1. Looking only at helices (runs of 4 or more DSSP H) that fall completely inside segment 281-375, which ones have 3 or more residues that are touching a strand residue (DSSP E or B) at 6+ places or on another chain (Cβ under 8 Å) and closer than 20 Å to Met430 by Cβ?
2. I'm trying to understand the selection: among the residues of segment 296-331, which are of a type in the set (Asp, Glu) and surrounded by 11 or more Cβ atoms within 10 Å (Cβ to Cβ)?
3. Could you list, in sequence order, all residues of segment 95-105 that are surrounded by fewer than 20 Cβ atoms within 10 Å (Cβ to Cβ) and either more than 22 Å from Ser209 (Cβ to Cβ) or at pLDDT 95 or above (or both)?
4. Using beta carbons and a limit of 7 Å, which pairs, at least six apart or on different chains, have the first residue in segment 409-432 and closer than 13 Å to Val351 by Cα and the second one among the charged types (D, E, K, R)?
5. Among residues belonging to segment 112-163 that are among the small types (Gly, Ala, Ser) and under 33 Å from the mean Cα position of the chain (by Cα), point out the one that is surrounded by the most Cβ atoms within 10 Å (Cβ to Cβ).
6. Condition first: part of a loop (DSSP other than H, G, I, E, B) and surrounded by fewer than 20 Cβ atoms within 10 Å (Cβ to Cβ). Now tell me which residues in segment 391-417 satisfy that.
7. Scanning for something without any contact (Cβ under 8 Å) to a residue 12 or more places away in the chain and in contact with a helix residue (DSSP H, G or I) (Cβ under 9 Å, 6 or more places away or on another chain), does segment 345-352 turn up at least one residue?
8. Looking at segment 155-178, which of its residues are among the charged types (D, E, K, R) and either part of a helix (DSSP H, G or I) or modelled with pLDDT of 95 or more (or both)?
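The values are calculated or read from the model by the stated rules, or taken from the named source; none is laboratory data. Fair warning: this is a prediction, and the values are worked out from it, not measured in the lab. Because the Cβ atoms are built from the backbone with ideal geometry, glycine has one as well, and the counts that use them run over all protein chains shown.
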Amino acid sequence: MKKILLGLLLFPMLAIAQQTITGHFAPENSFQFGILYRIAPDNVYYVTDANIDSEGTFKLNTQEDTTPGMYRIVYNLPQDQHFFDFIYNGKEAVEFTFNANKEITFTSSEENKLWSEYLTKSFQFTSALEELSTTEGVKERNISKALEEQNAWYQDLLKRAEGMLVYDLINAVKPYQENNFSTYKAYTEKVKSNYFNNFDFTKPLLQNSGLPLEHSIKYIFNYADPEHPVTSRNVNIDTVVKKIAATDNKYQKQVLSNLWDFLATNEQVSEANHLAEKHLIPLAQKLDDTALATKLTIYKNISIGSKAPNFSWPEYEGDKTLTKYFHDLAPAERYVIVFWSSLCSHCLNEVPKLHAKVASMTPDTVKVVAVGLEDFEAEWAPVAARFPLFTNVLGLKKWDNEIGNMYDVTATPTYFVLDADKKIIAKPEMLKDVFDALVIEK
C-alpha cells in the first residue's frame, strides 16, 4: 500500500506573548541564514530573518504580537527546496537541531514534540500492521494486540495534547479501533469507511490548517484498489469532494485547487483531470474564476492521450488568403508540433536536426508543424525558409501568442509528438526523446 507522508500542518492564528526560536544547524559553516515566514492557508508571509553564526546557531526573538500558528524557516536557496515547518504557539520557546540530511529534532516545544511523535508513531504502527497482515502464520490475536497497543498509545498522546493547538488536529485523525478483528482486509475496509468520522471540515481550526488536504491525499492514495488504481483513486476523490460539501464554495475551491496542484505536480494526470472536469472547473465557473478554469482546461487539453488542440494559420496563394487548420493536415503516422524562435540558440541548434531527421524518413511518415514565436516577421521568415519540409507557422506576440498559450508554452524549443489520430503521446524535453517517439513499432 503506497503511503503518502506529508510535512507539518498549518495552524490557526491566535495572539500571545514573546518567545524565542532557536536552531542549531550542523555541520557548522554549512548554513548562512534563516528566514522566518508565517504560513497561512492562502500563502506564506515574511516575518523576519537572521544570520546563522559560525557555530551553526540561529536565534530569533518573536514580537509580542506574533500570532501562534505554523511557521517556516528557509535556510538556503532556492527557497522552495530548502525549508522546514514547525508549530509556534506563543506560550513556549521553540528549539531544534537540524542537519544536512534534513533531519529535524525538537529539543524544546511540546507542541512540536507531540506532533513529531504522532507522525513517527502512526507510520510505525501502520507499517507494523501491514507487515503482520502479510506475514504467513501470523495469528489474528497478534494483529488484535497490535491494534490495542496503537489505541493505548493514541489515547495517551491525546491526553498529553490537551490544551494545546495540536489537540484538535490529533483528535481529528483518530485511528479506527477494531474491537472484533476478523481479517486484515475487512479491517482495512472498515478503516476506509470510518476514515472521516472525526474530521469536521467546517471547523475553523481545521480549515486554517493544512490537515484537510493532507488527510484527503492519504485517503485517496492509501485506500485505492491496487488492481484498479486510477479508477479507485477517482472514486476516492469523489468521496473527498462529498465530505467537504458542507463548507462554503470558496473554501472548497481552496482545498480542491491545492489537491489538483498535488496531483498535477506528482504526474497523476488522469486523477488531476478527473478532479478538474467533474468538480473543480464547474466550481471555478460558479465562482467566476476564469483564470483557474482556463488553467485546468489547458492542462487537460495538452495531457498525454488528449487530442492536440486545433489551431489555424493563414497561407497565401496569389491574391488569396487561405485559412488552414491543424486538424485538417494530411494523414501521417506521427506529427510533431515544435514551438521555436529565431532568436533562440537552442532552437537554432535543434530545429535543423529535426528537419534533417524528417528528410531521412519515408515521405509523409512524419509531419512537423513549426510554430515560430516571434516579435517580428522579418526575423523569422529567412530562418523558417530553411525548413521547407515543415509546415511553418508564424506566431507573433511571442509569449502572448494564442497558439503558444493554447499549448501552455513557456520556453523554446517545446515539443509535442502525436500519433496518427493527432493524440498527444509524448512531450519530450530533449531532441533525442523526440526522435525516440517517432519510432513506430510494426
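1. Working: elements: 281-286, 290-301, 345-359.
Once the helices (runs of 4 or more DSSP H) in segment 281-375 are filtered for at least 3 residues that are touching a strand residue (DSSP E or B) at 6+ places or on another chain (Cβ under 8 Å) and closer than 20 Å to Met430 by Cβ, what remains is 345-359.
2. Here is the first cut: in segment 296-331, the residues of a type in the set (Asp, Glu) are 315, 317, 319, 328.
The answer is Glu315, and nothing else.
3. Of segment 95-105, the ones surrounded by fewer than 20 Cβ atoms within 10 Å (Cβ to Cβ) are 95, 97, 99-105.
Matches in segment 95-105: Glu95, Thr97, Asn99, Ala100, Asn101, Lys102, Glu103, Thr105.
4. Going by the 7 Å Cβ cut-off, the qualifying pairs are Pro413/Glu350; Tyr415/Lys427; Leu431/Glu350; Leu431/Lys353.
5. Ala161
6. At the first step, the residues of segment 391-417 found to be part of a loop (DSSP other than H, G, I, E, B) are 397, 401, 407-413.
Result: Lys397, Asp408, Thr410, Ala411.
7. Among the residues of segment 345-352, at least one is without any contact (Cβ under 8 Å) to a residue 12 or more places away in the chain and in contact with a helix residue (DSSP H, G or I) (Cβ under 9 Å, 6 or more places away or on another chain), which makes the answer yes.
8. Within segment 155-178, the subset among the charged types (D, E, K, R) is 156, 159-160, 162, 168, 174, 178.
Asp156, Lys159, Arg160, Glu162, Asp168 - these are the residues of segment 155-178 that are among the charged types (D, E, K, R) and either part of a helix (DSSP H, G or I) or modelled with pLDDT of 95 or more (or both).
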